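Below is one structure, written out as structure tokens, with a few remarks after it.
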Amino acid sequence: MIKLHDYELSADCYKVRLLLGILQLPYERLELDVYPEREHRLAAFRAVDPLGRVPVLDDDGVILRDWAAILVYLAQRYDGAQRWFPRVDRPDAAQAASLGRLVEWLSFAQRLAGSAGAARLHDTIFEPADIERCRASAHELFRMLDEHLWFAEQQDCPWLCGRDPTIADLACFPDVVLSEEGGVSRLPYPAIRRWTDRIKRLPNFTTMAGVFPA
Amino acid sequence: MIESVLWDDWHVVAELAELQRRGVWHTRLLGVALIVQWDPESGLIRARRAAEDPRSGSARAVEALEVRYGFVWVSLGRPTRPIVEFAECHEPDRLLATAGSVGVAVSGLRAVENFLDLSHLAFVHEGYLGEQPHTEIAPYAVETLADGTLRATGCRVYQPKPSPVESAGFDVDYIYAVLRPYIVVLFKANPVEQSRKDMIALFVQPVTEESCVAHILTCYLPHEIHPPTVRRFQQFIFGQDRPILENQTPKRLPLGARAEASVRADLSSASYRRWLDAAGVRFGAIAASA
Amino acid sequence: MKRWFPVARREELSPRHVVHTQLLSQELAVWRDDAGGINAWENRCPHRGVRLSIGTNTGSELQCRYHGWRFASGSGRCSFIPAHPTQKPASTLRPQVYPVLEHGGHVWVALQPVGADAAEPPPPPPQPADGLSLRSLYVRAPAARIAAALLRGYRLVADQVAPVEQIDEFSLRATLTAGTRGPALQFWLQPMSASATTIHGCLDGTIGPAERLAVLRHHNTQFTLLREESERFG
């Protein structure tokens, strides 16, 4: 049984819970008292992750400590149809570029966490942050994302990496859909709003506190 | 000038454990910037008004400061009443758990009203505190007691998972008490000792007229429930309410009877608005006559 | 203001979606029902003021996210209050409904109340029959500043800056060859608020499928430059 060291309100944990739900993988949630107790920083949890972060996945002894690593692992191991992290043996130039672009979006998701995500933590649980800078960065990233999604829709590829959703979409979704909790409105981004709707309509999509169903 | 009913009362400004973790806690109460400090050696807690302009000279100490129920309470004025009292919190077999302070970008009065509201339970907290199609709200009663506080009784909701450890759903009876404009408490029968009530208190700190901090306290009989579980459940439930609250317009609570439509199920909220108006509460509100 | 403004491209009213937009500081929830009828309502549930744009488009109603109140497409009348499921809601319970129509490639709204006594909405502005609707762009600048920037000229094709004429306060036209029919670009400025505007555009003339994407990208780049210029002096 997969075990997930987890926290309900963590956007990073939600990325993993989304994929676990979509792949219909049963798992046990080991919920930590992240706020206000900071349980993830205590010595007992440092034995699980020296950096004291969630999520951490434990799949029968296989331990992974980073949301991106966990998404790639789960997609590789359990997605028989190879849709969520499409990979081929001996890729040609185009296939290699596709994979590179998917990873670009995983990096983009990390930037979203550091801007929109940080703004949310500042406004909700008073994590120190340069709030104006976080919001400004979030808007810059959202402008880029809205433009990319608009042109993707024009080519009948309504997902970040083409015709089908991938872990890139799941990775970017939480910090985007929760952005208003950090004072970053999505009113200026109609293509992003349509994309979040599409994600909510994926089979076996799951919500978290703060995310409404479709 | 902020009305005395708020200015001269006690308000939570920090959770004690969080203050101890950080040492210094910057916050704002009724628009006034405050710095709360904890000295680990002496254990002393002090609060002072942050000097808005660093050149303007010494910042003024806030004299009225108490620690109660795991929270730091202050008054910016001269309190004539003590901090709210809960007999339950003194019972020796009870546990107190705070659920972390959460910022919300809406008037604290809207947060209190949301806590009182029954008809959102089957929608916002679907599968936990309510469930479709059990959406009908039967009549209940609201009265003002002799001590000036508001009581809603006979509130009954079908709940699929009323608390962290219950696995079956049933009808739950709620009693609500609005003890201060920004303080509301929910009482519900403990699932094991049905004659005694578990208590969830929402202490709302009015930061500005359009923003607040929600501090949650649970005081319960710990039959097989531990504080982390209680904390997680409260955070989960409040996490579901927060985006609703932040999407309400206007951000301040309109007190006029005609400002927003009410139906019979909204008896608590309609009564609460009248009660606030009669008490002269204006901070965080849009007056009835406006 | 008794005039029509574009608020979205038609395709943006996708099935079961609710568009969140704003006109002259009035927030709007704009949506299409399953039969194709479109609605533009004030973005506020009359019950407790929650934004209808975070609600659910059921295909025939908009359901508020807070207490599940449902409002019927067309009239906006409240059709169901879950807390009192057997009662018929009062006919006065509804968000403000605004006149809305589809014209050319866009959805247009007039900010005047719909009702028995309300004046007829003005006739929609003329629009060429064939046109390519461009990507709309949200700019954090007042409409007047964007218009002023446009009047300095617009790069209609890669190597040519076209003169721009102002038709009225919120519409302008760029034409390569003055007085002729094309190529030309019609701009409409949707004033979201005093400090933000969405630029909509429609390009005259036939664009073949092979060049469509390139043309859309070109104008998106031009709009983006216009945005940078307009936001710089804010």
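Values in this text are rule-based calculations from the coordinates and carry no lab data. Remember, predicted model here, so these are calculated numbers, not experimental data. Backbone-built Cβ (ideal geometry, glycine too); neighbour counts: all protein chains shown.
Run through the range A:11-108 and list the trypsin sites (Lys or Arg not before Pro) located in a DSSP loop whose Cβ has at most 15 other Cβ atoms within 10 Å. Walk me through the numbers before you get to the answer.
On the way: sites: A:Lys15, A:Arg17, A:Arg29, A:Arg38, A:Arg41, A:Arg46, A:Arg53, A:Arg65, A:Arg77, A:Arg83, A:Arg87, A:Arg101; in loops: A:Arg38, A:Arg53, A:Arg65, A:Arg83, A:Arg87.
Filter output for the range A:11-108: A:Arg38, A:Arg83, A:Arg87.
Give the Cα extents of the range C:25-108 along the principal axes, in whole Å, largest first.
43, 29, 21
About the Cα centre of the protein assembly as shown, how large is the charge dipole given +1 on each Lys and Arg Cβ and -1 on each Asp and Glu Cβ? Please answer in debye to the nearest 20. It would help to have the intermediate numbers written out before the result.
Numbers: 81 positive and 87 negative charges, 229 e Å.
Using only the charged Cβ atoms, the result is roughly 1100 debye.
What residues have an amide H closer than 5 Å to that of B:Gly130, excluding those fewer than 5 places away on the same chain, when H is modeled at 1.01 Å from N in the peptide plane?
It is B:Lys161, by chain and number.
Could you tell me which trypsin sites (Lys or Arg not before Pro) in the range B:209-290 are loop residues by DSSP with no more than 15 other beta carbons within 10 angstrom of their beta carbon?
Details: sites: B:Arg231, B:Arg232, B:Lys251, B:Arg252, B:Arg258, B:Arg264, B:Arg273, B:Arg274, B:Arg282; in loops: B:Lys251, B:Arg252, B:Arg258, B:Arg282.
Filter output for the range B:209-290: B:Arg258.
Within the protein assembly as shown, count lysine pairs with alpha carbon atoms under 27 angstrom apart where the residues are 8 or more positions apart or belong to different chains.
Taking the Cα cut-off of 27 Å, the pair count is 9.
I need two numbers for the range A:2-78: Rg to one decimal and Dmax as a whole number, Cα atoms only, in Å.
Looking at the range A:2-78, its Cα Rg and Dmax stand at 11.7, 35 Å.
At 222 nm, what value in deg cm²/dmol follows for chain B if DSSP H runs of at least 4 each add -39500 (n - 2.57) and the sum is divided by all its residues, to the nearest 500? If you can, show how the numbers build up before the last one.
Working: 6 runs with 56 residues, N = 290.
Result for chain B, helices only: -5500 deg cm²/dmol.
Divide by every residue of chain C the summed helix terms, -39500 (n - 2.57) for each DSSP H run of at least 4, and state the resulting mean residue ellipticity at 222 nm, rounded to the nearest 500 deg cm²/dmol.
On the way: 2 runs with 32 residues, N = 234.
Computed ellipticity for chain C at 222 nm equals -4500 deg cm²/dmol.
With charges only on Cβ, +1 for K and R and -1 for D and E, what is the dipole size of the range A:93-200 about its Cα centre, in debye, rounded to 20? Please list the in-between numbers first.
On the way: 12 positive and 16 negative charges, 32 e Å.
Dipole size: approximately 160 debye.
Just from the alpha-carbon atoms, what are the Rg and Dmax of the range A:1-145 in angstroms?
16.8, 50
Please report C:Ser133, B:Ser195, B:Ser107, C:Ser60 as a ranked list, fewest other C-beta atoms within 10 angstrom at the top and most at the bottom.
Ordered by Cβ neighbours within 10 Å, fewest first: B:Ser195, C:Ser60, C:Ser133, B:Ser107.
Find out how many positive minus negative residues lie around A:Asp60, taking Lys and Arg as positive, Asp and Glu as negative, among other residues whose Cβ is under 12 Å from that of A:Asp60.
Charge balance in the 12 Å sphere: -1.
Based on the Cα gyration tensor of the range C:136-234, what are the three equivalent ellipsoid semi-axes, each the root of five times an eigenvalue, rounded to whole Å and given largest first? Each step should come with its number before you reach the end.
Values: eigenvalues 97, 44, 28 Å².
Taking √(5λ) for each Cα gyration eigenvalue gives 22, 15, 12 Å.
Please give the Cα centre distance for the range A:133-170 versus the range B:151-187, rounded to the nearest Å.
Computed from Cα coordinates, the inter-centre distance equals 42 Å.
Which of B:Ser42, A:Ser115, B:Ser4 comes first, and how do the rest follow, when ranked by fewest Cβ neighbours within 10 Å? All intermediate terms of the calculation are to be shown ahead of the outcome.
Values: B:Ser42 7, A:Ser115 25, B:Ser4 12.
With the sparsest Cβ surroundings first, the list reads B:Ser42, B:Ser4, A:Ser115.
Running Debye on the range A:93-200 with equal point scatterers at the Cα sites and no solvent, what base-10 log of I(q)/I(0) appears at q = 0.14, 0.16, 0.18 Å⁻¹?
-0.53, -0.67, -0.83
Once you average over the residues of B:125-136, how many Cβ atoms of partner chains fall within 10 Å of each Cβ?
That works out to 2 on average.
Helix-only mean residue ellipticity at 222 nm, chain A, DSSP H runs n ≥ 4 weighted -39,500 (n - 2.57), per residue, nearest 500. What is it? Mind showing how you got there, number by number?
Details: 8 runs with 102 residues, N = 214.
Estimated from H runs of four or more residues: -15000 deg cm²/dmol.
Evaluate chain C: find the radius of gyration of its Cα atoms, find its Kirkwood radius, and give the ratio Rg to Rh. Present the calculation step by step, with values, prior to reporting the outcome.
Numbers: Rg = 19.5 Å, Rh = 19.0 Å.
Rounded to two decimals, Rg over Rh is 1.03.
Using θ = phi - 60° and the Karplus form 6.51 cos²θ - 1.76 cosθ + 1.60, what ³J(HN,Hα) does each residue of the range C:21-33 get, whole Hz, x for Gly and Pro?
Karplus-based 3J(HN,Hα) across the range C:21-33 equals 9, 8, 9, 6, 6, 9, 6, 10, 10, 10, 7, 10, 8 Hz.
In terms of modelled amide H atoms, which long-range or inter-chain residues lie less than 5 Å from the amide H of C:Ala8?
Sorted by chain and number, the residues that satisfy this are C:Val107.
With a Förster radius of 22 Å, plug the Cβ-Cβ distance of B:Ala61 and B:Arg22 into 1/(1 + (r/R0)^6) and report the FRET value to the nearest 0.05.
Working: r = 20 Å, r/R0 = 0.90.
That gives a FRET efficiency of 0.65.
Given H placed on each backbone N at 1.01 Å, which residues far from A:Phe126 in sequence or on other chains put an amide H within less than 5 Å of it?
Under 5 Å from the amide H of A:Phe126 lie the amide H atoms of B:Gly103, each far enough along the sequence or on another chain.
On the principal axes of its Cα set, how long, how wide and how thick is the protein assembly as shown? Give whole Å, largest value first.
Cα spread of the protein assembly as shown along its principal axes, largest to smallest: 87, 70, 64 Å.
Can you list the GluC sites (Glu not before Pro) in the range B:12-104 that are in a DSSP coil and have 16 or fewer other beta carbons within 10 angstrom? Before the final figure, lay out each step's value.
Details: sites: B:Glu15, B:Glu18, B:Glu41, B:Glu52, B:Glu63, B:Glu66, B:Glu85, B:Glu88; in loops: B:Glu41, B:Glu52, B:Glu63, B:Glu85.
Of the GluC sites (Glu not before Pro), the ones in loops of the range B:12-104 whose Cβ has at most 16 other Cβ atoms within 10 Å are B:Glu41, B:Glu52, B:Glu63, B:Glu85.
Looking at chain A only, what percent of DSSP beta bridges run antiparallel? Nearest 5 please.
Working: 8 of 13 bridges.
Bridges in chain A are about 60 percent antiparallel.
Alpha carbon centre of the range C:20-48 versus the range B:191-254: separation in Å?
What the calculation gives is 32 Å, centre to centre.
Report, please, the projected area of chain B averaged over directions, based on the convex hull of its C-alpha atoms, in nm².
Working: hull surface 64.8 nm².
Answer in nm², one decimal: 16.2.
Build a GNM of chain C with springs between Cα atoms under 10 Å: which of C:Leu151, C:Leu111, C:Leu23 gets the top mean-square fluctuation?
Judging by the Gaussian network model, the answer is C:Leu151.
Along the charge dipole of the range A:2-78, Cβ charges K/R +1 and D/E -1, which of A:Ile22, A:Tyr7, A:Leu42 sits furthest on the positive end?
A:Ile22
Quick one: helix C:209-232 against the long Cα principal axis of chain C, what's the angle to the nearest 10°, folded into 0 to 90?
90
Which helices, counted as full DSSP H runs in chain B, have an axial Cα extent of no less than 30 Å and a Kyte-Doolittle average of -0.5 or above?
Details: long enough: none.
Span-like helices here: none at all.
Suppose every K and R has +1 on its Cβ and every D and E has -1 on its Cβ; what is the size of the dipole of the range A:2-78 about the Cα centre, in Debye to the nearest 20?
On the way: 10 positive and 13 negative charges, 44 e Å.
Charge dipole, the range A:2-78, about its Cα centre: 200 debye, nearest 20.
Rounded to the nearest 5, what % of the DSSP beta bridges within the range A:2-78 are antiparallel ones? Could you put the intermediate results ahead of the total?
On the way: 7 of 12 bridges.
Once the DSSP bridges in the range A:2-78 are tallied, antiparallel ones form about 60 percent.
Got a sec to turn the phi values of the range B:129-145 into Karplus ³J(HN,Hα) couplings, 6.51 cos²θ - 1.76 cosθ + 1.60 with θ = phi - 60°, whole Hz, x for Gly and Pro?
Values, residue by residue: 9, x, 7, 6, x, 7, 9, 5, 9, 6, x, 9, 10, 10, 9, 9, 7 Hz.
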